[in-house]
Amino acid sequence: MNYNLLEGKKGIIFGALDPNSIAWKVAQRAHQEGAKIILTNAPIALRMGTINELAKECNCEVIGADATSIPDLENLFNKSSEIFGGKIDFVLHSIGMSPNVRKNKHYTSLDYEYYHKTIDISSMSLHKVLQVAQKLDAINEWGSVVALTYIAAQRVFPDYNDMADAKSMLESIARSYGYHYGKAKKVRINTISQSPTKTTAGSGVKGFDGFFNYADMMSPLGNASSEACADYCITLFSDLTRMVTMQNLFHDGGFSFTGVSQEVMDKFLEQ
Ligand SMILES: NC(=O)c1ccc[n+]([C@@H]2O[C@H](COP(=O)([O-])OP(=O)(O)OC[C@H]3O[C@@H](n4cnc5c(N)ncnc54)[C@H](O)[C@@H]3O)[C@@H](O)[C@H]2O)c1
């Protein structure tokens, strides 16, 4: 069902790698809802992924940018403004990567060079995107920036490793920058805390199937799909949520506020 919620709006979507990516679904929904978009990803991901198929479907351009590189981000915002002939209305930050997770480093034996990279890619990149956008005055008033996060920012999921620290920082940047950008330009910034989702980044976490199934069994509504996450992003990009900013919004079928479910209890009562 389409509601034309983003008719006349323009946005940049970071992080569509393949059709499983949450950003891929957000791009499709934004296009269906009438938005004009630009897709971006790290140059290496552009070579490996299938983003051009998505660009064709959404009738849009792809601009490579490493989200940790200020010159890349400046180029991205400048080119977007040329293509659109003006400012943008929304940004999706759907970026995460931990070399420590990739190399199976335990949380108590982290490689600190890798740790820096995890933070730079998964959290500081949000600050860089916002700072570059604000300096170039690239986002319209009442524009909306959404970044994706996970509940390991608040509670321990041991195998989520240094990504938990990165997500805590990401949520903090959304709050702090949300204050400053809100005051200066009425731009709003929120994070969506999504259920475990079967994607390249998600499945890279050790024991992923275990906590996917656990969360599904705990959540009264079950795990939220990436399609449902895309729907939620669209509402935050739309004018219907103009007064929502600096929030971490759980999109998890009720997982975050469930102490225990009957199904999980039953597992422990099994003989
Ligand atoms: N999959 C899950 O279970 C889950 C749950 C909650 C939140 N999230 C978050 O959702 C977001 C999207 O992840 P996903 O699950 O769709 O996986 P994904 O692997 O499809 O997306 C991650 C993206 O980050 C991009 N990226 C990595 N380094 C980059 C860089 N230097 N510059 C620009 N882009 C870079 C990758 O190319 C990729 O497109 C991430 O922030 C992730 O942490 C995922």
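What follows is calculated from the coordinates using simple rules that are stated; it is not laboratory data. For clarity, every value in this text was computed on a predicted model and none was experimentally measured. No Cβ is skipped: glycine too gets one built from the backbone with ideal geometry, and neighbour counts run over all protein chains shown.
Which shape class applies to the stretch 1-95: rounded if a/c is under 1.5, otherwise prolate when a/b exceeds b/c and oblate if not, where a ≥ b ≥ c are the square roots of the Cα gyration tensor eigenvalues? List each step's numbers first, then the result.
Values: a/c = 1.91, a/b = 1.18, b/c = 1.62.
In terms of gyration-tensor shape, oblate.
Between helix 70-84 and the chain there is an angle of about 60 degrees, using the helix long axis and the longest principal axis of the Cα atoms.
Find how much the distance from residue 172 to residue 260 grows on full extension, using 0.36 nm per residue of separation minus their present alpha carbon separation; answer in nm with one decimal.
Length gained between residue 172 and residue 260: 28.9 nm.
Highest mobility in the GNM of the chain, judged by mean-square fluctuation with C-alpha springs under 10 Å and restricted to 98, 261, 195, is found for 261. Compared with the dominant principal axis of the Cα atoms in the chain, helix 162-185 is inclined by about 40°. Entry note, the chain: the mean residue ellipticity at 222 nm calculated from DSSP H runs of n ≥ 4, each adding -39500 (n - 2.57), is -13500 deg cm²/dmol after division by the residues and rounding to the nearest 500.
Once the other residues with Cβ under 12 Å from the Cβ of residue 133 are scored (Lys, Arg +1; Asp, Glu -1), what is the net sum?
Its environment carries a net charge of +1.
Quick one: helix 22-32 against the long Cα principal axis of the chain, what's the angle to the nearest 10°, folded into 0 to 90? The two axes meet at around 50 degrees. The largest-to-smallest principal axis extents of the Cα set in the chain are 66, 44, 39 Å. Highest GNM mean-square fluctuation among 100, 59, 223, for the chain modelled with Cα contacts below 10 Å: 59. This model, with +1 at the C-beta of Lys and Arg and -1 at the C-beta of Asp and Glu, gives the chain a dipole about its Cα centre of some 620 debye. Comparing 221, 170, 17 in a Gaussian network model of the chain (Cα springs below 10 Å), the most mobile by mean-square fluctuation is 221. Just add up the charged neighbours of residue 211: K/R +1, D/E -1, any other residue whose Cβ is under 13 Å from the Cβ of residue 211. Spelling it out: positives minus negatives among the neighbours equals -1.
Report the net charge of residues surrounding residue 193, where surrounding means a beta-carbon distance below 9 angstrom and charges are Lys +1, Arg +1, Asp -1, Glu -1. Show your work: numbers first, answer last.
On the way: positive: 167; negative: 171, 252.
With Lys, Arg at +1 and Asp, Glu at -1, the neighbours total -1.
Distance between the pseudo-spin-label points of residue 50 and residue 244 (7 Å out from Cα toward the beta carbon): 3.1 nm.
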